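First the structure, in the form of structure tokens, and then the observations on it.
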């Protein structure tokens, strides 16, 4: 680790100003569960750290008047686990409760995970899968970005230097009738080898009105399996259909021609399995 | 030819009162560990101490042209810098003694050549470790990349790049730095007479010791006295002292090695390392203490790990299931340099033949260098690798002969009518309960029912092994430990020993031994910190030798001390020594345990009231004993009784495989062991639990994964798949069936490594039973498991060998294609 200056602003505009003033040498820090490890290994070498821990506006969650779930970016996993979300929003708590280990869950934040944009992390895939969007603040002003556009295809995020992610917005409970996040990791504390998200809405006849399938860890950014999602719509899915959808997702996300190494062949198999599991569980939730 | 083997009688008297040996006394070590007050190497702080850091190679094979440390010396806080050229001609290379080389092949830094990623290039010492790290970044290194050799089988090719240049090995200049061979019986005749031959190529993985306490040291040179004191996290203080003194070319009585608490080693700290020389040289240059503790990535890359093996193994059997022969060609991967690696194949193969007294054994091994991390001893010393291959062949044979795997093993495990019994390989089995252990673990896992009532994707498997208890290494003609005891003037006892306790609970179990012999209370016995200036000479703690070898030395020292206190008491009490007993912290007349003289009184006579002593009695209450095991050197044909006694392990695994993800879950596990007379069941169970943990890691996840450029891709605990507690089944089926050693006076056998040996084999056999996939490579990761299942499905077969039934497998499939051993009978001075 290299020497650095630690700044602890108490308001968002102060944090924005500090990041603006110190330019590229400065990095915002929330829970520090990725950044501190990178600094320890001297991979990241910021000379100034601007802590977001003291910004009350960035912590906690609430429902907006329109029913969107707004989660402060510096809300820890531990806080998400104990939050009493309604309906399918509960899946956010379940995902937070089943990632990394307890120290990471105590310190790590939802916004930190999105900004880190590690493809093996759970939160990026979950946010894209559930159609979330994020609010940001910077010296240039505020903006809202759909999670699907937050992650650059080549890795990382599209956030500019000094831009702070402030809020993660999940759509209203009406957006989905069932959602499910599935992943496979070798050890319980490991990041995912592959993760899959299914969010779907059923119409009055229990047919799929619309559906989203998103895969994590198979590319530098979460991948939306659009074709597979479209195939689901307008149908009453049977077990046989779900197996076919799993196979379709494999072809769409990791076709044989791209799965050359043993690891990618394995990921390809997992895509099929996890998409099947995610659809099955999301359907069960929607039908119950 | 029959041989009369000496039968050793137990030397101790039968127990009079309730004994400490055999009881689960709470560990004396635990309070400090559980309260965080134990002091490890990184906790050492000396006045004026500086911090050193090492610049390590980021490339695996290169010609090193120039190292320039001049800019580093300009950095703030920097006191000195060193590189290989600075030390050429000033310190002596080491590694000759363990490897039977004429000249050592180890040096503190690369000088003209880089041979593996992580090799030492330069070092800086500064006021703080961060200043030292800053300064490392400005050291200039000029090198030319060389072709990298990762695959051990390519190392034997004549056109392979040569790694160790300029060292004349017995077999020339190539990458084969040693060979090993066994010629017992007549293998050609065995092959002709065999009803069944099963053969398979197996590869085993490299595994890290992964001790949580890092490798490191603090060296402190006193410029006035010329004494070098070094605190080190090591398993052997005298190995470090002797080799460090020799490397620095200073007298051995000028080097003092002390250990703080050592948070495990598993074999990975059983040698002197470059960092110990570097810190010493820097301290000698500056006259100040130098702290040098390695980071985890450094330990993965430059600490030692388990040797990797490629085995072309063949097992010969008769129709009735009798094993008549074993033949093997092994390529043994020791990494770019290795202190102990060649010894691993000797002992691992010799002892690894057990528990079967196989009459005909024919083994050739090429022991090679590759551009990978140094490899050497690790829990099991070659036995888990050997057992993985051999015990799977036993299952292959059982299936082909139509004999139950448990029954086939039962027909073959060593079960002589009289003990001691010498096997054809030369091991002297002084006692064993392996036959009973096998049946016990089968019963505990419910073998017959689970074999009969099939559950899809579930299966059971067995593995049996016997383990050495300490060893006479082929290159090392000694196997001793020593203890000195002092009865202090208040009746307490101090134990001095150089054997480092790093999980073996010396303070606890030695106190139990002393307590029983001397009659002193368990809580009154204290173990001094190992310190080469005050401790008697001993080899160190490795090879499962603590209870049996160190324990025997301790027992003998205690008996000698007992004789002294009884002599004094007899004089004072005017009684005959034969009428006196020890116990309850005193010496008393038999039958009157509440009378007599306290040890405190007896000690004070020897220290402060010497007129009370018997005439001519030397006023001392110290005793010392050294125990060297009655083991043999390895014979030229590879046979010999290398171990003083043999502990046994029979394991049974019940696994479930997820056909969707390939995850292998051990749902039930049973282990039955013969550890002889157990001094402390709690400690022994802890050793078995820990051994199982390392075994399951080797079986299911741990590996040194290299890319083709020789970069280690698994050099952190994030990437290295060591199991967490969450990945382990709860081990409740642990059984001891003691067959007390007849050679060791107290009846003990080694405990530390029995738990690891059979685990990969038992799990692999269970995986085959569950899925029909015979794993020939370790580890069995979910990725490999799932791809094997898919390949089996694609081929439409019931059974599959993985990876050699995979389309991209390029190695030889049949014995006709197997490589010829490069070892030949001609020109080998060993034969």
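Do you know which of the residues in the range B:648-691 that are in a strand (DSSP E or B) and surrounded by fewer than 24 Cβ atoms within 10 Å (Cβ to Cβ) is farthest from the other protein chains (Cβ to nearest Cβ)?
Quick first cut of the range B:648-691, residues in a strand (DSSP E or B) only: B:648-657, B:664-674, B:676.
Going one step further and asking which of them are surrounded by fewer than 24 Cβ atoms within 10 Å (Cβ to Cβ), we end up with B:656, B:665-668.
On the way: B:656: 16, B:665: 12, B:666: 14, B:667: 16, B:668: 20 Å.
Out of the qualifying residues, it is B:668.
So for the range B:738-752 (the condition being touching a helix residue (DSSP H, G or I) at 6+ places or on another chain (Cβ under 8 Å) and within 14 Å of another protein chain (Cβ to nearest Cβ)), does at least one residue qualify? Write out each step before concluding.
Step one: filter the range B:738-752 for residues touching a helix residue (DSSP H, G or I) at 6+ places or on another chain (Cβ under 8 Å), giving B:741, B:744-746, B:748-752.
Filter once more, so that each one left must be within 14 Å of another protein chain (Cβ to nearest Cβ): none.
No, that holds for no residue.
For the range A:1-86, which strands (runs of 3 or more DSSP E) that fit wholly inside it have 2 or more residues that are closer than 21 Å to residue A:169 by Cα and free of Cβ contacts under 8 Å to residues at least 24 places away in the same chain? Let's see the steps before the verdict.
On the way: elements: A:5-7, A:26-29, A:48-51, A:61-63, A:69-72.
In the range A:1-86, A:61-63 are the strands (runs of 3 or more DSSP E) which contain 2 or more residues that are closer than 21 Å to residue A:169 by Cα and free of Cβ contacts under 8 Å to residues at least 24 places away in the same chain.
Of the conditions (1) modelled with pLDDT of 95 or more; (2) out of contact with any strand residue (DSSP E or B) (no Cβ under 8 Å at 6 or more places or on another chain); (3) under 25 Å from residue A:288 (Cα atoms), residue A:104 clears all except one; give me its number.
Among (1) modelled with pLDDT of 95 or more; (2) out of contact with any strand residue (DSSP E or B) (no Cβ under 8 Å at 6 or more places or on another chain); (3) under 25 Å from residue A:288 (Cα atoms), residue A:104 violates only (3).
Exactly one of (1) within 14 Å of chain A (Cβ to nearest Cβ); (2) farther than 30 Å from residue A:276 by Cβ; (3) buried (at least 24 other Cβ atoms within 10 Å of the Cβ) is unmet by residue B:643. Its number?
The single condition residue B:643 does not satisfy is (1).
Test of understanding: among B:613, B:592, B:599, which residue is free of Cβ contacts under 8 Å to residues at least 40 places away in the same chain and more than 37 Å from the chain's Cα centre (by Cα)? Break it down stepwise before answering.
Values: B:613 fails: free of Cβ contacts under 8 Å to residues at least 40 places away in the same chain; B:599 fails: free of Cβ contacts under 8 Å to residues at least 40 places away in the same chain.
Only one candidate passes the filter, namely B:592.
Quickly run through the range B:770-794 and pick out the residues that are under 25 Å from residue B:314 (Cβ atoms) and more than 14 Å from every other protein chain (Cβ to nearest Cβ).
Passing the criteria: B:771, B:772, B:773, B:774, B:775, B:776, B:778.
For the range B:330-337, state whether one or more residues are modelled with pLDDT under 95 and under 20 Å from the mean Cα position of the chain (by Cα).
Step one: of the range B:330-337, the residues modelled with pLDDT under 95 are B:337.
Going one step further and asking which of them are under 20 Å from the mean Cα position of the chain (by Cα), we end up with B:337.
Within the range B:330-337, one or more residues are modelled with pLDDT under 95 and under 20 Å from the mean Cα position of the chain (by Cα).
Scan the range B:171-179 and give yes if some residue there is surrounded by fewer than 21 Cβ atoms within 10 Å (Cβ to Cβ) and at pLDDT 95 or above, otherwise no. Let's see the steps before the verdict.
So the first thing to find is which residues in the range B:171-179 are surrounded by fewer than 21 Cβ atoms within 10 Å (Cβ to Cβ), and the list is B:171-174.
Those left that are additionally at pLDDT 95 or above: none.
Looking through the range B:171-179, none of the residues is surrounded by fewer than 21 Cβ atoms within 10 Å (Cβ to Cβ) and at pLDDT 95 or above.
Would you mind stating whether residue B:826 is surrounded by fewer than 22 Cβ atoms within 10 Å (Cβ to Cβ) and modelled with pLDDT of 95 or more? It would help to see each step written out before you state the result.
Working: surrounded by fewer than 22 Cβ atoms within 10 Å (Cβ to Cβ): yes; modelled with pLDDT of 95 or more: no.
Spelling it out, it is not the case that residue B:826 is surrounded by fewer than 22 Cβ atoms within 10 Å (Cβ to Cβ) and modelled with pLDDT of 95 or more.
Please specify each residue of the range B:94-112 satisfying the condition of being in contact with a strand residue (DSSP E or B) (Cβ under 6 Å, 6 or more places away or on another chain) and surrounded by fewer than 20 Cβ atoms within 10 Å (Cβ to Cβ).
B:112
Only one of A:216, A:272 is within 14 Å of chain B (Cβ to nearest Cβ), closer than 30 Å to residue B:808 by Cα and either surrounded by 15 or more Cβ atoms within 10 Å (Cβ to Cβ) or touching a helix residue (DSSP H, G or I) at 6+ places or on another chain (Cβ under 6 Å) (or both). Can you tell me which? First the steps, then the outcome.
Numbers: A:216 fails: within 14 Å of chain B (Cβ to nearest Cβ).
The conditions single out A:272.
Residue B:305 is checked against (1) more than 17 Å from the chain's Cα centre (by Cα); (2) crowded, with 24+ Cβ neighbours inside 10 Å and fails just one. What number does that condition carry?
(1)
Going through the range B:714-737 one residue at a time, which ones are under 30 Å from residue B:678 (Cβ atoms) and within 10 Å of chain A (Cβ to nearest Cβ)? Give the steps one after another, and end with the answer.
Step one: list which residues in the range B:714-737 are under 30 Å from residue B:678 (Cβ atoms), which gives B:722-737.
Matches in the range B:714-737: B:722, B:723, B:724, B:725, B:726, B:727.
A quick yes/no check of all residues on (1) assigned by TED's automatic domain parsing to the domain that holds residue A:167; (2) modelled with pLDDT under 95; (3) in contact with a strand residue (DSSP E or B) (Cβ under 8 Å, 6 or more places away or on another chain):
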{"site": "A:11", "(1), (2), (3)": "no, no, no"}
{"site": "A:19", "(1), (2), (3)": "no, no, yes"}
{"site": "A:61", "(1), (2), (3)": "yes, no, yes"}
{"site": "A:65", "(1), (2), (3)": "yes, no, no"}
{"site": "A:76", "(1), (2), (3)": "yes, no, yes"}
{"site": "A:96", "(1), (2), (3)": "yes, no, no"}
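With the range B:101-213 as the region, which helices (runs of 4 or more DSSP H) entirely inside it contain at least 2 residues that are within 14 Å of chain A (Cβ to nearest Cβ) and over 30 Å from residue B:359 (Cα atoms)? So that I can check it myself, show each step before the final result.
Details: elements: B:129-136, B:152-155, B:187-193.
Of the helices (runs of 4 or more DSSP H) lying wholly inside the range B:101-213, those with at least 2 residues that are within 14 Å of chain A (Cβ to nearest Cβ) and over 30 Å from residue B:359 (Cα atoms) span B:129-136.
Residues A:105, A:120: which one is touching a residue at least 24 places away in the same chain (Cβ under 8 Å) and either assigned to a loop (DSSP other than H, G, I, E, B) or under 12 Å from the mean Cα position of the chain (by Cα) (or both)?
Numbers: A:105 fails: either assigned to a loop (DSSP other than H, G, I, E, B) or under 12 Å from the mean Cα position of the chain (by Cα) (or both).
Among A:105, A:120, only A:120 is touching a residue at least 24 places away in the same chain (Cβ under 8 Å) and either assigned to a loop (DSSP other than H, G, I, E, B) or under 12 Å from the mean Cα position of the chain (by Cα) (or both).
State all residues of the range A:246-279 that are in contact (Cβ under 8 Å) with a residue 60 or more places away in the chain and over 17 Å from residue B:783 (Cβ atoms); if no residue qualifies, say none.
Matches in the range A:246-279: A:275, A:277, A:278, A:279.
List the strands (runs of 3 or more DSSP E) inside the range A:137-209, counting only whole elements, that have at least 1 residues being more than 24 Å from residue A:86 (Cβ to Cβ) and within 14 Å of chain B (Cβ to nearest Cβ).
Working: elements: A:141-146, A:164-170, A:178-184, A:194-202.
Once the strands (runs of 3 or more DSSP E) in the range A:137-209 are filtered for at least 1 residues that are more than 24 Å from residue A:86 (Cβ to Cβ) and within 14 Å of chain B (Cβ to nearest Cβ), what remains is A:178-184, A:194-202.
Quick check: anything in the range A:230-245 surrounded by fewer than 24 Cβ atoms within 10 Å (Cβ to Cβ) and within 14 Å of another protein chain (Cβ to nearest Cβ)?
So far as the range A:230-245 goes, yes, one or more of its residues are surrounded by fewer than 24 Cβ atoms within 10 Å (Cβ to Cβ) and within 14 Å of another protein chain (Cβ to nearest Cβ).
Could you list all residues from the range A:248-269 that are away from every other protein chain (no Cβ under 13 Å) and either surrounded by 15 or more Cβ atoms within 10 Å (Cβ to Cβ) or farther than 17 Å from residue A:215 by Cα (or both)? Even if it seems obvious, please write down each step before you answer.
Within the range A:248-269, the subset away from every other protein chain (no Cβ under 13 Å) is A:248-249, A:251-255, A:257-258.
Those that are away from every other protein chain (no Cβ under 13 Å) and either surrounded by 15 or more Cβ atoms within 10 Å (Cβ to Cβ) or farther than 17 Å from residue A:215 by Cα (or both): A:248, A:249, A:251, A:252, A:253, A:254, A:257.
Looking at the range B:262-318, which of its residues are more than 23 Å from residue B:377 (Cβ to Cβ) and either free of Cβ contacts under 8 Å to residues at least 24 places away in the same chain or in a loop (DSSP other than H, G, I, E, B) (or both)?
Of everything in the range B:262-318, those that are more than 23 Å from residue B:377 (Cβ to Cβ) and either free of Cβ contacts under 8 Å to residues at least 24 places away in the same chain or in a loop (DSSP other than H, G, I, E, B) (or both) turn out to be B:287, B:288, B:289, B:318.
Take the residues in the range B:704-713 that are in a loop (DSSP other than H, G, I, E, B) and away from every other protein chain (no Cβ under 12 Å), then tell me which one is farthest from residue B:781 (Cα to Cα).
B:709
The values are calculated or read from the model by the stated rules, or taken from the named source; none is laboratory data. Small disclaimer: the values here were computed from a predicted structure and weren't measured. So basically every Cβ, Gly included, is an ideal-geometry build from the backbone, and we count neighbours across all protein chains shown.
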